[in-house]
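The values are calculated or read from the model by the stated rules, or taken from the named source; none is laboratory data. None of these values were measured; they are calculated from a predicted model. All Cβ positions, glycine included, derive from the backbone under ideal geometry; neighbour counts span all protein chains shown. Surface accessibility is based on the protein's heavy atoms, side chains included, excluding ligands, DNA and RNA. Shrake-Rupley method; radii C 1.70, N 1.55, O 1.52, S 1.80 Å.
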Amino acid sequence: MEHSNIVGGSTAKRVMHCPGSVKLVRQMPPQGFSKYAAEGTLLHHVISEVLESEHAPAYFLGREHAGQVLTEELLDEKLLPALAALNDIDPNVELRFAVETRVGFGDLLPGVFGSTDLLGRLGDRAIVLDWKFGSGVAVTAEENEQLMFYAAAAMRTPGVEWVFEGAKEIECIIVQPPYIRRWVTSFDRIRQFERELVYAVKLAGRDDATLKVGDHCRWCTAKPICPLMNGAAQRALQTQIAALPVEQISAALHTADLLEQWISDVRALALQSLREGTTLSGFKLVAKQSRRQWVDEAQAKAALLAHLPESDVIETSLVSPAQAEKKLKKLKLPLPEGLTVAVSSGDTLASVDDPRPPVLLIGRQLAAALSKLV
């Protein structure tokens, strides 16, 4: 799904509250694609195909996107409730709609665009609907900047004018299974939003663009380099928690939420940098704790059965090396040699005085060396 690198639906709130974040975000390295984002994209693609085709939702079981697969669990818990919500919104099946539509502001804001999940017309009401398949954070529809962005952009997009022509009001809807959140607003409110957006985009282009901390920081990728977030961290380090007045504890908890997100993003950025071969003073990449695995399960099974009853060796699957070793110890027998290999589950961040050796980035270093020979 293509997005504007200036401001889009999902970033409208942040840019309008913190225009200075635009330049900071551009300084960040490309972000990885999480399994949750891939799952959300998969569900968006499938629900749009369901609405545009004659196939039943179950037809798309097994559909894959970026390693995520549409399973029966996802179908039952996410997709079907989302479609049921649409039936509640349009019980008489009178809604005329368009899905996955790219909308933009044309000459008013060149390069600013987004992709709507669903635009529709029901009687004298224009509908702007967005699917939210994440279950972690409840999303409200009232004064939702993303939905207002889509409404304003769609009103200026050739091909979807019919959604708004002759309409008396605009309904913004968030479908976050199993919940439906709805908000009816006016054309005047959307035009006011558009003016505010234009002003924020102009501010974002200035060297002294304003930075502001708030709940819009939650999804900002530039938190690790934001001077306001860094300043908040320094102030937090200097705060004597035990001496905090009771009336400041609530405010401190809000700050803690922001700082926890900031810390998480800083760690993620540090890991990404180290994995790319960057040197970070005082830190290195080390292997996570190793867990023994059987080199060959059939060979391990045969070796263990020579000393242990089958019920002690095979449960629902072959017991782990640690479990086998524990059982053999009761017989005062060692685990046969050559059956296991230590495999780390990945790498993690550690201080330079950690006793573990640093991870050798042989693949990346070899690729870099070969590139110099080309």
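Does any residue of segment 314-322 turn out to be in contact with a helix residue (DSSP H, G or I) (Cβ under 7 Å, 6 or more places away or on another chain), more than 30 Å from Pro358 (Cα to Cα) and either part of a helix (DSSP H, G or I) or open to solvent by less than 50 Å² (accessible area, probe 1.4 Å) (or both)?
Within segment 314-322 (the criterion being in contact with a helix residue (DSSP H, G or I) (Cβ under 7 Å, 6 or more places away or on another chain), more than 30 Å from Pro358 (Cα to Cα) and either part of a helix (DSSP H, G or I) or open to solvent by less than 50 Å² (accessible area, probe 1.4 Å) (or both)), the answer is yes, since at least one residue qualifies.
Give segment 122-154 a look and list any residue that's closer than 14 Å to Ala98 by Cβ and surrounded by fewer than 20 Cβ atoms within 10 Å (Cβ to Cβ), or say none.
Leu122
Please go through (1) under 22 Å from the mean Cα position of the chain (by Cα); (2) modelled with pLDDT of 95 or more; (3) loosely packed, with under 15 Cβ neighbours inside 10 Å for Leu79 and return the number of the only condition it doesn't satisfy.
Every listed condition holds for Leu79 apart from (3).
Only one of these is over 28 Å from Leu108 (Cα atoms) and open to solvent by 20 Å² or more (accessible area, probe 1.4 Å): Arg195, Arg189, Arg181. Name it. Let's see the steps before the verdict.
Numbers: Arg195 fails: over 28 Å from Leu108 (Cα atoms); Arg189 fails: over 28 Å from Leu108 (Cα atoms).
Criteria check complete, one pass: Arg181.
For segment 250-302, give me each residue that is among the charged types (D, E, K, R) and part of a helix (DSSP H, G or I). So that I can check it myself, show each step before the final result.
Narrowing segment 250-302 to residues among the charged types (D, E, K, R): 257, 260, 265, 267, 275-276, 284, 288, 291-292, 296-297, 301.
Across segment 250-302, the qualifying residues are Asp257, Glu260, Asp265, Arg267, Arg275, Glu297, Lys301.
What residue, among those in segment 101-111 that are of a type outside the set (S, T, N, Q) and in contact with a strand residue (DSSP E or B) (Cβ under 6 Å, 6 or more places away or on another chain), is surrounded by the fewest Cβ atoms within 10 Å (Cβ to Cβ)?
Of the residues in segment 101-111, the ones of a type outside the set (S, T, N, Q) are 102-111.
Checking the rest, the ones that are also in contact with a strand residue (DSSP E or B) (Cβ under 6 Å, 6 or more places away or on another chain) come to 102-104.
Numbers: Arg102: 15, Val103: 25, Gly104: 20.
Taking the candidates together, the pick is Arg102.
Can you confirm whether Leu43 is of a type outside the set (S, T, N, Q), in a loop (DSSP other than H, G, I, E, B) and buried (at least 20 other Cβ atoms within 10 Å of the Cβ)? Let's see the steps before the verdict.
Values: of a type outside the set (S, T, N, Q): yes; in a loop (DSSP other than H, G, I, E, B): no; buried (at least 20 other Cβ atoms within 10 Å of the Cβ): yes.
Answer is no for this residue.
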